[in-house]
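Chemist: Questions regarding the structure given below will be posed in turn.
What follows draws every value from the coordinates through simple rules; no lab data is involved. Note that the coordinates shown come from a computational prediction; the quantities given were computed from them, not determined experimentally. Note that each Cβ is placed from the backbone with ideal geometry, even for glycine, and that neighbours are counted across all protein chains shown.
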Amino acid sequence: MTTVTTIEKELGSHKLVLETGKLAKQAHGALTVRYADTVVLATVLSAPSTRDIDFFPLYVDYREMQYAGGKVPGGFFKREGRPTTKEVLACRMVDRTIRPLFPEDFDNEVQIQCIVIASDKDHDADVLAVIGGSAALAMSPAPFRGPVGAVRVGRVDGKFILFPTYEQREQGELDMVVAGHKDAINMIELGGKEVPEAVAVQACEFACGYVREIIEMIEQLAGRIPAQKTYEPKPLNQELLSLVAAQCGDRIRQAKQIEGKIARNQAVAEIADGLVAELCPAGQEQPRFTEAEVRAAFYKAEGAIQRELILSGLRPDGRTAKQVRPISIEVPALPRVHGSALFTRGETQSLATVTLGTPRDQQKIDGLVEEYYKRYMLHYNFPPFSVAEIRPIRGASRRDIGHGALAEKSTQGVLPSADDFAYTIRVVSEILESNGSSSMASVCSASLALMDAGVPVTRPVAGVSIGMVRQGDRKVLLTDIVGEEDFHGDMDFKVAGTSTGITGIQMDVKAVAGIDLETIGQALAQAREARLVILEEMAKAIPAPRPEISQYAPRMITMIIDPEKIGKLIGPGGKTINALSSKYDVTIDIEDDGKVYIAGSDAEAVKQAQAEVEGIVEEAKIGKLYTGKVVSIRDFGAFIEILPGQDGLCHVSELDEKYVKNVSDVVKLGDTVRVKVIN
C-alpha cells in the first residue's frame, strides 16, 4: 500500500499543502496542491520519443473542471470542451516557467497535466499548477533541473499581499506572478495600473522569499519519494563542433552583420546547406556525420558567434545596445473602421483596428467563478506570411492567445470606466511583418488605434522588449530585440507602460541561472528609457484621443431609470421595448440597477428614443404643465394622457373659466391640450 506523504506550511492567509501517494499513482509523478479550498491535481509522465524530432516535446495541459466550482457546463453536450482562453494562458505560464530547466539535448516526450478539482472561487489555481508541475517533475525520472516555486502577489493600499483573492486583485494596483528557483527569478507576469518601476522590483523581492519557502517544501516532498533520474547526456561531437567553427566561423560572422533579416537568414542558410552538402554528400550510405548532427552543430556554432558579436558590441542590425529601431506610424490606416493604426518598428509591423459595440456585444465568461461579462477584448493574429512561411491556418494558436492577452492586459489599465464610456471595445492586431517583439508592437498599435477611435484613454501606452546576453561576468542588456537576439539570447523581458508607470510585464528566460533582482531593475530602467522614446514618436502621430468617435460607430446614450420602472419600459412580453426599437431602429439594453443603453446609427433617432423612454418612466409632477391628449370623455370631465400610460381627470369645472354644460363642447376625443397637474 502506497504511503501518503504531506508537506504543509502557512503562507499568507492560508496553508499551502502538498500531498502525494493518494491519487494518480501510475503517473511518474503526481500530487495535489491545495491553498485554502482550491485544489489542483498535477501529474507528469515521460517516455522516449517515437518520432524523429529536433525539439523538446513538452506538453502542458491545464483544465478547470466545472464541477470544481459546483457548476454544470453550459451548451448542448454539458461537458467541458476545448481549452478556454484562461486555461491556455495557464498552460503557457507553466510551460514558460519549466521548459528552460531541462537539458538542451533532452528530447523525451514529457506531459504535464494540471486539473483543477476543487475551487473556493476566491483563489486562482494557475499558480498552484506551476507549483504542482514543478513538484511532480521533481518526483519523476525526468531530468528536471528544478524545482521552482511560484507565487501571486497583489498590492492594495500600498501593502503587498501574498496569494490575493480575486477581489483583492481587482482592487489592487498590480497583479503579479513570480516564479523561480532558490537563487533567481525565471518568469514574471504582471498587469498593473501604471506601477512605478521601483514598486515592481519591490514586488519581485517580496515574492522571492516565499518562492524559496515553496521550493523547500517541494524538496522535502521529493526527498521522501526518491526517483532515479534515467537521463544520460548526449553531447554534440566535439570534433564536429571544431570542424564547423573552423570552416564556417568567419563566414557566419560576416553573414550575421548583413543588414536585413531575410538577406541575413538566407546567407546563414546557404552556409549551412553548403556544409551539409560537404559533410553528408548525396549518395553516400554511411556519412561520417548525419545531417541532423551537422545542422545541430551548425546552430550551436551560430548561436555562440551571435552571442560573441553582441558581447563585443555588434548587434545583427548594427544598432547600439540601447537603441530603438526606426519607427513609422500611420493614423488612421484604414477607411470606415472605427479606429485604426499602422505601427512599424524595424522589420516588425502591426495593423490594429478598433470596433466599438453596444453592451450586448460584451463577451460572457463562464468559468469557475461566477459568470461575468467582458467589455474589452484584444485579439492578436500572426499569419504565416509575416515571417515568409507557408503553413496551414487552423484558428488562433496558443501563442496568438498569449500575445493577445499580454497586449490586452497592457492597455486595459488606461481605459475609461463603463460609466464614462459604455461601449464594448474590440481591438484586433494583425501582424503583417515580424522580426521580434510583435506583442509589444501590438501594444503600441492598439493604443494608437484606441485614440483614433475616440476612446478617452488616460494616457497612451507603448511596449518594448529587453533582451540579454550573459557570459561569465560579462552582461549586455539589449533594447528592442530582434529574432536572433531572442533565439540565441538569455532573456525576453517585455515591458509595457505609459510615461507614468508600468501596465504589463512578461519575462521569460532561456538560461537555467535565471535573473537576479539587480538585473530586473536594470532591465526595467532601460525599458523605461526606450518607452519614452517610442511614446514621443506616437505623440507626433496622434497626441491625444480624438474628441468624437467615428461617424461609422454606433451612437449611444446611457440613462438611469428607477428600477421599479423597468417592467413598464419593457412592457408585457417585451411589447413596449420592441416597439421602440423598431420605431427608431435602435437597440435598447437594460440592466437590473436601472441603467438603460440606447444605441443606433442615427444620433437623432437615438435622442428621440431617449425622449420617449423618459416619457414612459417619468412620474407626473404637481404644478408642472404638460401637453396631453384627450383619451376619454365622461359627463363629469375628460381623461387626458399626459405621459405614456399615464392619464388624469380634468373635471368639467376645470375645463373653462365659464360654466360648461357638456364636456364635448370644449374638447373632443383625440384633441391635444395643455394641462397643469394640481393633485
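Chemist: Given a Förster radius of 41 Å and the C-beta distance between ARG546 and TYR59 as r, what FRET efficiency does 1/(1 + (r/R0)^6) yield to the nearest 0.05?
Modeler: Efficiency for this residue pair is about 0.35.
Chemist: Still on this structure, I have one more. Report the full-extension gain for the segment LYS22 to SER581: residue separation times 0.36 nm, less the Cα-Cα distance, to one decimal in nm.
Modeler: Net length gain for the segment: 195.3 nm.
Chemist: Next question, about the same structure. Helix 197-224 versus the longest principal axis of the chain: what is the Cα-based angle in degrees, 0 to 90, to the nearest 10?
Modeler: For 197-224 against the chain, the angle is about 60 degrees.
Chemist: How much net charge surrounds ALA609 when only other residues with a Cβ under 14 Å from its Cβ are counted (Lys, Arg +1; Asp, Glu -1)?
Modeler: Summing Lys and Arg as +1 and Asp and Glu as -1 gives -3.
Chemist: Let me ask something additional. What's the FRET efficiency of ALA511 with LYS78 using the Cβ-Cβ distance as r and R₀ = 41 Å, to the nearest 0.05?
Modeler: That pair, ALA511 with LYS78, gives E of 0.35.
Chemist: Counting DSSP beta bridges with both partners in the chain, what percentage is antiparallel, nearest 5?
Modeler: In the chain, DSSP labels about 90 percent of beta bridges as antiparallel.
Chemist: Set Lys and Arg Cβ to +1 and Asp and Glu Cβ to -1, take the dipole of the chain about its Cα centre, and tell me which of ILE640, ILE329, VAL178 lies farthest positive.
Modeler: Going by the Cα projections, it comes out as ILE640.
Chemist: Could you derive backbone 3J(HN,Hα) for segment 614-623 from the dihedral phi with the Karplus parameters 6.51, -1.76 and 1.60 (θ = phi - 60°), listing whole Hz in sequence and x where the residue is Gly or Pro?
Modeler: My calculation for segment 614-623 gives 4, x, 5, 9, 6, 9, 5, 10, 5, x Hz in order.
Chemist: At a 10 Å Cβ-Cβ cut-off, how would you order LYS583, LYS595, LYS494, fewest neighbours first?
Modeler: Listed from fewest to most nearby Cβ atoms, that is LYS583, LYS595, LYS494.
Chemist: Relative contact order for segment 555-617 using alpha-carbon pairs under 8 Å, separation at least 6, rounded to a whole percent?
Modeler: Relative contact order here is 43 percent.
Chemist: With charges only on Cβ, +1 for K and R and -1 for D and E, what is the dipole size of the chain about its Cα centre, in debye, rounded to 20?
Modeler: Dipole magnitude for the chain comes out near 300 debye.
Chemist: If you don't mind, another one. For ASP635, ASP480, ASP452, which order do you get if you count the other beta carbons within 10 Å of each Cβ and list the fewest first?
Modeler: ASP635, ASP452, ASP480
Chemist: Figure the gain on full extension for ILE622 and VAL369 (residue separation times 0.36 nm, minus the Cα-Cα span) and round it to one decimal in nm.
Modeler: Value of the extension gain: 86.2 nm.
Chemist: Quick one: helix 398-412 against the long Cα principal axis of the chain, what's the angle to the nearest 10°, folded into 0 to 90?
Modeler: That works out to roughly 50 degrees.
Chemist: Provide the per-residue ³J(HN,Hα) series for segment 560-573, in order, calculated from phi with Karplus coefficients 6.51, -1.76, 1.60 and θ = phi - 60°, each as a whole number of Hz, with x at glycine and proline positions.
Modeler: With coefficients 6.51, -1.76 and 1.60, one gets 10, 10, 5, x, 5, 8, 4, x, 5, 5, 5, x, x, x Hz.
Chemist: Give the order of ILE622, ILE365 when sorted by the count of other beta carbons within 10 angstrom, beginning with the fewest.
Modeler: With the fewest neighbours first, ILE622, ILE365 line up as ILE622, ILE365.
Chemist: Using amide H atoms built in the peptide plane, which far-off residues or other-chain residues are under 5 Å from MET468 H to H?
Modeler: Correct list: LEU478, ASP490, MET491.
Chemist: Let me ask something else. To the nearest 0.05, how large is the calculated FRET efficiency for ARG145 and VAL673 if R₀ is 60 Å and r is the Cβ-Cβ distance?
Modeler: For R0 = 60 Å, the calculated efficiency reads 0.10.
Chemist: Under a point spin-label approximation (7 Å from Cα along Cα-to-Cβ), what is the THR458-GLU205 distance to one decimal in nm?
Modeler: Label at THR458, label at GLU205, 2.5 nm between them.
Chemist: Hey, another quick one. Identify which of the listed values of Rg/Rh (Cα atoms, Kirkwood Rh) was calculated from the structure shown: (i) 1.04; (ii) 1.19; (iii) 1.11.
Modeler: Structure-derived value, by its label: (iii).
Chemist: Return one number: the angle in degrees, 0 to 90 and rounded to the nearest 10, between the long axis of the Cα atoms of helix 291-311 and the longest principal axis of the Cα atoms of the chain.
Modeler: Helix 291-311 sits at roughly 70 degrees to that axis.
Chemist: Related question: What full-extension length gain, to one decimal in nm, is calculated for GLN238 and PHE385 as 0.36 nm per residue of separation minus the Cα-Cα distance?
Modeler: 49.2 nm
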